[in-house]
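Laboratory data are not the source of any read-out in this text; all were calculated from the coordinates shown. Just so it is clear, the structure is predicted and the values come from calculations on it, not from any experiment.
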Amino acid sequence: MVDVGQKAETARTARAGGSIFMNPETLQLIADGSAKKGDVLGIARIAAIQASKRTGDLIPLCHPIALTRVTADFVIDQANAAVHCEVTAECFGKTGVEMEALTATSVGLLTIYDMCKAVDRGMRIENVRLLEKKGGKSGHWLAD
């Protein structure tokens, strides 16, 4: 692992996002709350938050971080038959929270896939990416 012992503790924030595309009928099951496995977006939100807290266990050489706040928001996009996910992770520490935000986004979207795969195996997870990061020596970064 990289030595962060001499780095200053600062407030750090990262936002990540991604999308899952599916058949319109599958999206309607999610929107109506009628998927057989239950509340898809509610469970995906919990999964995303849990994943953010386990990132140091999942990604080799990633520092475990004491997160101070994690939000996972999902938006249903009827026009594109998609669900968009955006996660914000925050901490006060010596290293950033980009990996936590990205891991949470990925697991949130994978949870949607898992909960709906019986009716739509062709779902596609796309464009998982860092949207913004703040804090630390490198300062503020915003995706184009």
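Values computed for the structure shown
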item	result
Whole-number D in µm²/s for the stretch 24-94 (Stokes-Einstein; Kirkwood sum over Cα pairs; 20 °C, 1.002 mPa s)	154 µm²/s
Overall form of the stretch 27-144 per C-alpha gyration tensor (a/c, 1.5; a/b vs b/c)	prolate
Extension gain from ASN127 to GLN78, taking 0.36 nm per residue of separation minus the Cα-Cα distance	15.8 nm
Backbone HN-Hα couplings from phi across the stretch 87-100 [Karplus 6.51/-1.76/1.60, Hz, Gly and Pro as x]	10, 10, 10, 9, 7, 10, x, 9, 9, x, 10, 4, 5, 5
The chain: relative contact order as a whole-number percent, Cα under 8 Å and 6+ apart	40 percent
Residue-span extension gain [VAL2 to THR68] - 0.36 nm each, minus C-alpha spacing	21.6 nm
Contact order relative to length of the stretch 35-85, as percent, for alpha carbon pairs under 8 angstrom and 6 or more apart	26 percent
The chain - mean residue ellipticity at 222 nm from DSSP helices (-39,500 (n - 2.57) per run, n ≥ 4, rounded to 500)	-10000 deg cm²/dmol
Under Karplus coefficients 6.51, -1.76 and 1.60, residue-wise ³J(HN,Hα) of the stretch 36-50 in Hz, glycine/proline x	4, 7, x, 6, 4, 6, x, 5, 4, 4, 4, 4, 4, 5, 4
